[in-house]
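The values are calculated or read from the model by the stated rules, or taken from the named source; none is laboratory data. Treat the numbers as computed from the prediction; the structure is a model and nothing was measured. Cβ sites come from the backbone with ideal geometry, for glycine too, and all protein chains shown count toward neighbours.
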Amino acid sequence: MRVGVLTGGGDCPGLNAVIRAVVRTGVAEHGMEFIGFRDGWRGPLEGDTMMLDVAAVRGILPRGGTILGTSRTNPVAVANTVDGKSGIERVLENLDSLGVDALIAIGGEDTLGAASKLHAAGGKVVGVPKTIDNDLGATDFTFGFDTAVNIAMEAIDRLHTTAESHHRALIVEVMGRSAGWIALHAGMAGGANVILIPEKPFDLDQVCDYVQHRFQSQYAPIVVVAEGAHPKSLDEAIAGQEVDQFGHVRFGGVGQMLAAEIERRTGKEARVAVLGHIQRGGTPTAFDRVLATRFGVQASRSVADGAFGSMVALRGTNIVRVPLAEATAELKLVPPERYAEAEVFFG
């Protein structure tokens, strides 16, 4: 059996661990042959492949990023190609011409959404959930999230001393377009005084009250904000803003806005640290290496069992299979009760 593998969307600590486990399991247990598609869905769209055998995955377990490369290419959005075929049709043709019997797609909601459409069109696909945002609803956790939280927590720990030394408010902007899991976990673990997430529009006056209260206690405040968080007064219309191939607005700047408003309203100095892609890079934590490896093992076994149209997922401590359609049905947002737990420590 010949199996293709691709990694789509943003890079993520643990991707190489999945690739390694997929290949080693498929070769050792089932005698499979693997080819890698370069740069996400661009690979099968253009037939761009690379050798993917046991030798190719040796030593990649601790490496961040992905040896296959990635992109945000959306095959569903590719229409009216030179021969009039859709992107999905082009992918199916290329898989057939390359002798690929099945495809393992590793990615988040966008990559797996495309995988679900490919399966509906007759493709044999197994999905593996990947996102540092931890916002896929069909799995309890995604690999990469633990690494991102630990990186953000370490940054917050370091910024406490700088904030106190200079008597400034420090704003830490972390990733989180629609879900605030990174901001919530890193903020709680790092002892932040304010945590702002996309699920709950914030009141600027209340944020500034928290900042003032913290200064009155002789300590400097730390504000952690997800990139998709916004104040209640913000006009949420996105017309004219830049979007990617999947229609997502490119966020950025909420930290700078907060710093300016805090300075204007409180008279205190404020600085912002935007962690950005630092959260995505570098070696994965032990938790993410183990979870990614378990996902990879079960992805190869799902292909061997013919469980196409499914995604491997973590439920409790077990790896299970769920329908791809369920995996991409809705995002897993931070529920109000979790946010309320963090609010106990504000101020």
### Query
Is it the case that ASP288 is in the same structural domain as ASN134 (by TED's automatic domain parsing), more than 11 Å from ILE104 (Cα to Cα) and in contact with a helix residue (DSSP H, G or I) (Cβ under 6 Å, 6 or more places away or on another chain)?
yes
### Task
Could you please let me know if THR73 is in contact (Cβ under 8 Å) with a residue 12 or more places away in the chain, crowded, with 17+ Cβ neighbours inside 10 Å, β-branched (Val, Ile, Thr) and in contact with a helix residue (DSSP H, G or I) (Cβ under 7 Å, 6 or more places away or on another chain)?
yes
### Message
Scan segment 216-229 and tell me whether some residue there is touching a residue at least 24 places away in the same chain (Cβ under 8 Å), assigned to a helix (DSSP H, G or I) and closer than 22 Å to ARG158 by Cβ.
### Response
no
### Residue list for segment 6-29, restricted to those being farther than 15 Å from VAL126 by Cα, out of contact with any Pro (no Cβ under 7 Å at 6 or more places or on another chain) and of a type outside the set (S, T, N, Q)
GLY9, GLY10, ASP11, CYS12, LEU15, ARG20, ARG24, VAL27, ALA28, GLU29
#### Entry: Number of positions in segment 101-124 that are in a helix (DSSP H, G or I) and either touching a helix residue (DSSP H, G or I) at 6+ places or on another chain (Cβ under 8 Å) or within 20 Å of GLY144 (Cα to Cα) (or both)
11
### Message
One residue is enough: does segment 120-135 have a residue meeting the conditions touching a residue at least 60 places away in the same chain (Cβ under 8 Å), under 24 Å from GLY26 (Cα atoms) and touching a His at 6+ places or on another chain (Cβ under 8 Å)?
### Response
yes
### Message
GLY26 - would you say it is among the small types (Gly, Ala, Ser), buried (at least 19 other Cβ atoms within 10 Å of the Cβ) and outside any helix (DSSP H, G or I)?
### Response
no
### Query
Within the group GLN256, GLN245, GLN241, which residue is assigned to a helix (DSSP H, G or I) and either at pLDDT 90 or above or of a type outside the set (D, E, K, R) (or both)?
GLN256
### Query
Is one or more of the residues making up segment 45-66 among the acidic types (Asp, Glu), outside any loop (DSSP other than H, G, I, E, B) and within 19 Å of ILE104 (Cα to Cα)?
yes
### Message
Against the definition (among the β-branched types (Val, Ile, Thr), surrounded by 16 or more Cβ atoms within 10 Å (Cβ to Cβ) and either part of a helix (DSSP H, G or I) or touching a residue at least 24 places away in the same chain (Cβ under 8 Å) (or both)), how does VAL290 come out, yes or no?
### Response
no
### Summary
Exactly one of ALA163, ALA169, ALA138, ALA155 is closer than 23 Å to GLY113 by Cα and in contact (Cβ under 8 Å) with a residue 12 or more places away in the chain, and that one is ALA138
### Query
Any idea which of VAL274, VAL334 is closer than 23 Å to HIS185 by Cα, among the β-branched types (Val, Ile, Thr) and assigned by TED's automatic domain parsing to the domain that holds ASP209?
VAL274
### Task
Among residues belonging to segment 90-122 that are modelled with pLDDT of 95 or more and among the acidic types (Asp, Glu), point out the one that is nearest to GLY36 (Cα to Cα).
ASP101
### Message
Considering only residues that are over 30 Å from VAL100 (Cα atoms) and either part of a helix (DSSP H, G or I) or of a type in the set (Gly, Ala, Ser) (or both), which ones fall in segment 125-147?
### Response
PHE145, ASP146, THR147
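Conditions tested, residue by residue: (1) crowded, with 24+ Cβ neighbours inside 10 Å; (2) assigned to a loop (DSSP other than H, G, I, E, B); (3) not hydrophobic (A, V, I, L, M, F, W, C).
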{"site": "VAL149", "(1), (2), (3)": "yes, no, no"}
{"site": "MET153", "(1), (2), (3)": "no, no, no"}
{"site": "LEU159", "(1), (2), (3)": "no, no, no"}
{"site": "THR162", "(1), (2), (3)": "no, no, yes"}
{"site": "GLY176", "(1), (2), (3)": "yes, yes, yes"}
{"site": "ALA189", "(1), (2), (3)": "no, no, no"}
{"site": "ASP209", "(1), (2), (3)": "no, no, yes"}
{"site": "HIS213", "(1), (2), (3)": "no, no, yes"}
### Query
When you go through LEU15, LEU6 one by one, which is the residue that is in contact with a helix residue (DSSP H, G or I) (Cβ under 6 Å, 6 or more places away or on another chain) and of a type outside the set (Val, Ile, Thr)?
LEU6
### Task
Considering every residue within segment 284-300, establish whether at least one is among the hydroxyl-bearing types (Ser, Thr, Tyr), under 29 Å from GLY122 (Cβ atoms) and touching a strand residue (DSSP E or B) at 6+ places or on another chain (Cβ under 7 Å).
no
### Task
For ASN74, work out the one condition from (1) within 20 Å of the chain's Cα centre (by Cα); (2) closer than 18 Å to GLY123 by Cβ; (3) modelled with pLDDT of 95 or more; (4) not hydroxyl-bearing (Ser, Thr, Tyr) it doesn't fulfil.
(3)
